[in-house]
1. Per the 1.4 Å probe, what fraction of the accessible area of the stretch 298-438, in percent, lies on carbon and sulfur atoms?
2. Using only the Cα atoms of the stretch 95-239, build the gyration tensor, take square roots of its eigenvalues as a ≥ b ≥ c, and label the shape rounded, prolate or oblate: rounded if a/c is under 1.5, else prolate if a/b is larger than b/c, else oblate.
3. Taking all protein chains as present, what is the carbon and sulfur share of the accessible area of the stretch 1-97, in % to the nearest whole number, probe 1.4 Å?
4. Just to be sure I understand: of the beta bridges DSSP finds with both ends in the stretch 63-189, what percent are antiparallel, rounded to 5?
5. Taking 7 Å along the Cα-to-C-beta vector as the label spot, tell me the I132-Q293 distance in nanometres, rounded to one decimal.
6. Between the stretch 459-492 and the stretch 184-257, how many Å separate their Cα centres?
7. Say the dipole of the stretch 41-138 comes from +1 at the beta carbon of Lys and Arg and -1 at that of Asp and Glu; which of H137, Y103, L59 then lies farthest toward its positive end?
8. Could you work out the percent of alpha carbon pairs in the stretch 245-378 separated by over 21 Å, rounded to a whole number?
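The values are calculated or read from the model by the stated rules, or taken from the named source; none is laboratory data. What you see is a predicted model, and the numbers here were worked out from it, not measured in a lab. Quick reminder, even Gly has a Cβ in these numbers, built from the backbone with ideal geometry, and neighbours come from all protein chains shown. Ligands, DNA and RNA are excluded from the accessible area calculation, which covers all protein heavy atoms including side chains. Shrake-Rupley method; radii C 1.70, N 1.55, O 1.52, S 1.80 Å.
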Amino acid sequence: MKILMTTSETVPFAKTGGLADAVSALSLALARLGHAVRIVMPRYFCIDRTKLEQLEGPLGVRVGGGEEWCAVYTAELAGSTKKNPVRVYFIDYERFFGRDGIYGTPAEPDFLDNALRYTFFSRAVFQLCRKINWYPHVIHSHDWPTALVPVFLKYGERNGPFADTVSVLTIHNLGYQGIYSKNNYYYTNLDWDLFYQAGFDDWNMMNLLKAGICSADKLTTVSPHYAEETKTPAYGFRLDGVLRQRAGDYQGIANGIDTEVWDPQHDPYIPLPYTIKNVQIGKAAAKEAIQKQFGLSVNPDIPLIGMVNRLTDQKGIGELFGPTYGCVWSLCQNIAMQMVVLGSGESWCEHEIRNLSARLANFKAQIGYDEKISHLIEAGSDFFLMPSRYEPSGLNQMYSLRYGTIPIVRNTGGLADTVENFNQDTGAGTGFMFDDLTPQAIYNTVGWAVWAYYNRRSSLAAMQKAGMKHDFSWKKSAQQYEVLYKATLART
Ligand code: ADP
Ligand code: GLC
């Protein structure tokens, strides 16, 4: 099959979260199954043009009343096989993408012209196919920035050379929908009656993700558990009704992880690579490295709890670090443990974390994004904490399991699908889980894990092994997408 991924992020070119990892890894896995996979994304300012190859001639894209002229660059995706490489196309347009930031900057988190930027990009996708004379069987879009692609396909583009193309839209995070003033609808060049018919309408605003959900041939999200949750008001971000309506075309397919980048046996960022056979030695070396690097007391026998995250409400940061009610202060005061955090995000939270770091000897943090340290934390921590409010898939808990680091997670979304709660009677399980997102529940569950560290060492060793044996490779997920694509093509 010819498959075109349309996305706003792809590793290694541009990344704000797991979406970028998922698109790149899924594309490579599909190519390994023999499909012809291409990716199209914007050429952001951070992507060095001199390292790309330029296609000849401009690309004309209709938006609103006029036509914008842009350039197209291309490169091969790293990790591609020689036999069947994945090609990435970059839409290069100074006015929309020639600036710092992907969706925004700290000063302007959501660029004022984002509706226009991604409407333009979604239209450009079709023009690109015309230019390179390559018409995919499947156009696979991801999240709100490219949710207009299935809309444009259904309402207009399918009348031309895309007659046999089907669309799949994957929801990586329902919390971000692309809701803008309906004045922006003008840029779509669609008739006004379609504003309602195609599902744009959202209390008199324009909702890009909602239109995509109503228009795509098939919908997926990144774990089966999250697919169920999103059909309920508690997790549906007001789109649960639309998702229930489309339930027959909506399924969860679990993400995998890049098992080459995240492999304790061949990890260049850890002091002593390890396998399941010498896990204790490898982890002890990494733990010591963290303790030294972060200025914690060097002690192999104290449980170390790690965390690597975007510091946003989704990740439970209020319950952890909220002034006066967050539980980290009392955890670190009352329990014989250490904690390290790597993350960046909301400024109040960064501030609180710096405060805690200064006042507690057993809590240290690094604010910022750091690939290398994230590997070290995954390897050297005894436990990895992820108390997410919601988690469509989550990648870090899978990295943890692969590195023999026991996850402590909230029982939600992809966390619920990948971690099995510790059963104290049988010793079974791969992690520690709790249901309610409250500071007390986090406190109690971390307390339980620390208790097990001191009193149930052999159970923890068995849990580590069970986690490390799990297969989180993308191959399985890619095969599920393959089945879905085929079924969609067969039906239309
Ligand atoms: P989300 O996409 O919601 O942020 P995921 O768990 O899917 O959550 O993916 C997050 C990805 O970003 C992981 O690969 C994680 O290691 C990485 N990451 C997040 N914050 C940082 C950071 N401060 N430094 C390094 N890597 C980070
Ligand atoms: C989103 C979700 C995260 C998921 C990632 C990749 O960013 O928040 O849970 O792992 O997308 O699908």
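1. Working: 2110 of 4680 Å².
That share works out to 45 percent.
2. Details: a/c = 1.40, a/b = 1.11, b/c = 1.26.
Cα axes put the stretch 95-239 in the rounded bin.
3. Details: 2000 of 3980 Å².
Here it works out to 50 percent.
4. Within the stretch 63-189, antiparallel bridges account for around 60 percent of the total.
5. For I132 paired with Q293, the spin-label model returns 3.7 nm.
6. Cα centres, the stretch 459-492 to the stretch 184-257: 24 Å.
7. The residue sitting farthest along the positive end of the dipole is H137.
8. Working: 4400 of 8911 pairs.
When every Cα pair of the stretch 245-378 is considered, 49 percent fall beyond 21 Å.
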